[in-house]
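Single-structure report; data block below.
Throughout, read-outs are computed from the coordinates displayed, never taken from laboratory work. Small disclaimer: the values here were computed from a predicted structure and weren't measured. Methodologically, a virtual Cβ is constructed for each residue, glycine included, from the backbone with ideal geometry; neighbour enumeration extends over all protein chains shown.
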Amino acid sequence: MAERGGRLWAEIERAVGQGRRELVLRGWEPEPGEGPEPGQGQAAGRLGLLQHLEVSGVVAGLRALPAGLGLLSGLRSLVLSRDRLTALPAELGELRALQALDVSDNELEALPEALGRLAALHSLTASGNRLTALPAALGRCLRLAALNVSANRLSGLPPELLQPGLALLSALSAADNCILQLGPGVSELPALRTLDLSNNQLTEIPCELADCPKLKEINFKGNKLKDKRLEKMVNGCQTKSILDYLRSGGRGKGKGKMDNAEKGELKEKARKKKKAVKKDDDGESDGMEDLNKLVVRVLHISESPSTVLVKVTANIKDVRPYIVCCIVEGMNLRPGNALKRFLIAQTKLHDDVCQRRTLATIATHDLHLVKGPLLYDARPSHSLKITPLGRKEVQATDLVRQLQLEADEQRKQKKRQNVSGLHKYLQLLNGKENFPCLVDAEDHVISFPPITNSDKTKIRKATGQLFLEVTSSTSLQVCKDVMDSLIVRMAELNKFTFENQEQESVSDDETDVSIDRSEGWEPVVDLTTSKTASPELTVKQVRVVDADGSLKVVYPAKTDLNVDASYVTVIR
């Protein structure tokens, strides 16, 4: 263990010595030999500059962290998953800038009380461990917004966690534990939107749960409740019915069975709760109002271990020179018609903001199927090949010719004299010897703007991370404006999906999209549904560089996503 800790410090100091702000070690197998002591290397003075550290899936396990963790004072995100850790040091509490901590899938039996000193912490993931209790000090993490302690051995949640001080806690997951009781203090969480306590040992659900003003999704499946009527609602995931039932008095009291005193008491309680949410004009109210907005969180490159680099060649300059890209997480495409709504929205953006693709073109990819780094290039039309959405691999010239014939036939059938939208953007390639394309690390063309993107990277219902691309021959600002519109629309759709719960999908098959929604092509969409997610989107920056590695554009920059919409909150 000491040897592995030393080698870890060697890797950290090498990274900061190279001026890097992030270090990702996945499936890491330390080389034999001793490493330096913490802070003894040449880069010791710059350890505080490291902002993201991920050490996951260490071969043979890490067991414990080496001393000196507090030297990494600038860390904003720390991922230590699948490392067989048995304990976390109290030194963890010295990372005052830490915002996200992931210690999932280890062998931890306890979390240190020092976590209470992490004033900036907004996300804690400790699922898949052996925790029997949570530290009361978590109640001091006043910025905590998401807590996941599923798949542990918890018998309960500390009362300190269910108190009004945690005004931003919106997602609480403690599924697959041994929790016996949920205290009435849960009503003191004003921002709580999702609560998952499935597969525990609860026998009752407190009526106070109905007093959570923002609660939209609850899961109590797998608990043997005394109230069989309530249990039936729980198994049917009828969140609204459950909350109405609890609000009416809960177990043994259906609607209309309360006496006048009880009704008056409930109404007064609801009135006070509503007044409390609207109160506090000194800044706290602003924070509460933000919870009603669409939230888009921007993650900078230094905080994004999965960022894809895009390199632009000189060949593209006279063909279609402008491109911006980014990564979006948190978009839930599984429930009901969520994927179909997203495709329709993309088509409308193509028709309106993109002016039938003549101004700009959007392409969306499943990030897990994108093999970076990517190359934005212009290649001879006769040698360029792509597997279009829903079609077999074809030469670009043949595809354009086929689409031209389809467009002509479509115009004849509709007896139009003017050119269609499909004709208009096909004309952008007229006279071009080279066609624009986005190529992955294996030299596969994943995008052929403004025509189509590849079937190899198509999005599905199961897609959790999306790689977005906007290209244009007009200007870079056009690309940015279109991307801004796309992200805001995605946030709106995600919130709609979150608030309008639909039935779950029977399977997770890759049956979602078979063809593009360009004019004349209709998508085949699996209308089965799946799990609902949090409405918050995370946008990760992607850099576009030239052939020499010099930065051309990074999106979203500070001047991007400054949308003029009162219902959107962008957290940078």
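Some observations on this one:
- Rounded, prolate or oblate (a/c below 1.5 giving rounded, otherwise prolate when a/b exceeds b/c) for the stretch 127-189 by Cα gyration tensor: prolate
- Spatial separation of Cα centroids for the stretch 86-104 and the stretch 339-395, in angstrom: 41 Å
- The packing ranking, built from the mean of other Cβ atoms within 10 Å per residue, places the peptides 370-381, 542-553 in the order 370-381, 542-553, highest first.
- Relative contact order, percent, the stretch 92-190 [alpha-carbon distance under 8 Å, six or more residues apart]: 23 percent
- Given Lys348/Lys432; Lys226/Lys495; Lys392/Lys558, the pairs whose alpha carbons are separated by over 31 Å: Lys226/Lys495; Lys392/Lys558
- Filter on Lys458/Lys552; Lys216/Lys311; Lys221/Lys371; Lys232/Lys540; Lys340/Lys552; Lys224/Lys540 - keep pairs with C-alpha separation over 31 Å: Lys216/Lys311; Lys221/Lys371; Lys232/Lys540; Lys340/Lys552; Lys224/Lys540
- 3J(HN,Hα) along the stretch 548-553: 8, x, 6, 5, 9, 7 Hz, from the Karplus curve 6.51 cos²θ - 1.76 cosθ + 1.60 with θ = phi - 60°, whole Hz, x for Gly and Pro.
- Summarising the amide proton neighbourhood of Leu299: residues at separation of 5 or more, or on other chains, whose placed amide H is nearer than 5 Å comprise Val539, Lys540, Gln541.
- Extended-chain gain in nm, criterion 0.36 nm per residue less alpha-carbon gap, Cys178 and Arg26: 51.6 nm
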